[in-house]
Amino acid sequence: MKEKKYAEMIKEFLYLTLADGIIAFAVFFFLQPSHTAISSISGLAIVLTNLIPQPLSVITFVLNTILLVVGFIFCGKEFGGKTVYTSLLLSVYLAIFERLFPDYTSMTGSAELDVVCYILVVSIGLSILFNRNASSGGLDIVAKIINQYLHIEIGRALTIAGFCVAMSTIFFYDTKTVILSLLGTYFNGMILDHFIFDHNIKRRVCIISKKQDLIRDFLVNELHSGATIYEAVGAYKMEKRSELITIVDKGEYQKLMAFLREIDPEAFVTIYTVSDIHYVAKTW
């Protein structure tokens, strides 16, 4: 049992390490050369390098340390514990990149392309962290707090915090950089939502069929999924039928639809998209 637990912990930290590496890569090779400040504390750190004569990795570390305290208070020990690791590791990654590529300028030679590449790459890393109840620190913590207490989607919450950082570029850079920061923040939120919701997407399938017992057996014993059965009355003939409702993920949905086509092609099926599920316990 302990070996299994340790294996899960190692797997978890490997995912976090990989995700942090992806984020650091995006920040150093795409965000920093563009001089934009997009939805990250690293973006704010890039702006602050104009005032503070310290490397990006050091400023990012200090800002993350301050916000980590906030993360512990509002998001719990698990979120904070993981984020301590990823925040420290992010600064280590950036320091390594600074040492290996001291005179790095730009991979694409275009601020616009750097912004696009940053948004695409960083969203992959952030989605991995958020889906494991972690964060790379900084504005991710702020976004998680907004999501948890105001029930605003992660991408939108990150956009709100990110716009404040993006506006800070107005004091140090030209109009083009400010606009790129604002647009990049907006599209980064949209793409991050896409990555996260695609990961969590489920379908609510409602089935009226004469083969209900077979379908229920398939759901319970083959897909290991639950279901609810309601009594439905047809408005035309006032006939009573049973409606079976279940919620399945993408893989289960495909198996279920293939099974329905095989045993009852005439089954009446309606499908709804479900982006999130919550179990609310009540004490009476």
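The values are calculated or read from the model by the stated rules, or taken from the named source; none is laboratory data. Only a predicted model underlies this, so the values are computations on that prediction, with no experimental measurement involved. Virtual Cβ from ideal backbone geometry, glycine too; neighbours counted across all protein chains shown. Each accessible area value is taken on the protein alone, full model and side chains, heavy atoms only, with ligands, DNA and RNA left out. Shrake-Rupley method; radii C 1.70, N 1.55, O 1.52, S 1.80 Å.
Return the carbon/sulfur percentage of the accessible area of the chain, one whole number, probe 1.4 Å, all protein chains in place. Write out the running numbers ahead of the final one.
On the way: 10200 of 16350 Å².
The C+S portion of the solvent-accessible surface of the chain is 62 percent.
For the chain, report the accessible area per residue in Å² (1.4 Å probe, heavy atoms, rounded to an integer). Before the final figure, lay out the partial values.
Values: 16350 Å² over 284 residues.
Computed with neighbouring chains in place, this is 58 Å² per residue.
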Compare Val62, Val269, Val92 in a GNM of the chain, Cα atoms joined below 10 Å, and give the one with the largest fluctuation.
Val269
Could you tell me whether region 85-137 comes out rounded, prolate or oblate from its Cα gyration tensor? Rule is a ≥ b ≥ c as square roots of the eigenvalues, rounded for a/c under 1.5, then prolate if a/b exceeds b/c, otherwise oblate.
oblate
Taking θ = phi - 60°, what integer Hz values does the Karplus form 6.51 cos²θ - 1.76 cosθ + 1.60 yield along region 13-28, in sequence order, with x for Gly and Pro?
6, 5, 4, 5, 5, 5, 4, 5, x, 5, 5, 4, 4, 5, 5, 6
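Need one word for region 199-249: rounded, prolate or oblate. Basis is the Cα gyration tensor (sqrt eigenvalues a ≥ b ≥ c); a/c below 1.5 gives rounded, then a/b vs b/c decides.
oblate
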Let me have the 222 nm mean residue ellipticity of the chain computed from DSSP H runs of 4+ only, each contributing -39500 (n - 2.57), with the sum over all residues rounded to the nearest 500.
-20500 deg cm²/dmol
Of the listed links Lys82/Lys202; Lys11/Lys202; Lys11/Lys250; Lys202/Lys237; Lys11/Lys144; Lys210/Lys255, those spanning more than 31 angstrom between alpha carbons are Lys202/Lys237
Can you give the longest run of the chain that contains no GluC sites (Glu not before Pro) sitting in a DSSP loop with at most 12 other Cβ atoms inside 10 Å?
1-238
Could you give the size of the charge dipole of the chain about its Cα centre, using +1 on the Cβ of each K and R and -1 on the Cβ of each D and E, expressed in debye and rounded to the nearest 20?
620 debye
Placing +1 on each Lys and Arg Cβ and -1 on each Asp and Glu Cβ in the chain, then taking the dipole about the Cα centre, the residue among Leu51, Ala166, Phe30 whose Cα reaches farthest towards the positive end is Ala166
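For the chain, calculate the relative contact order in percent as a whole number, restricting contacts to Cα pairs under 8 Å that are 6 or more residues apart.
RCO, the chain: 20 percent.
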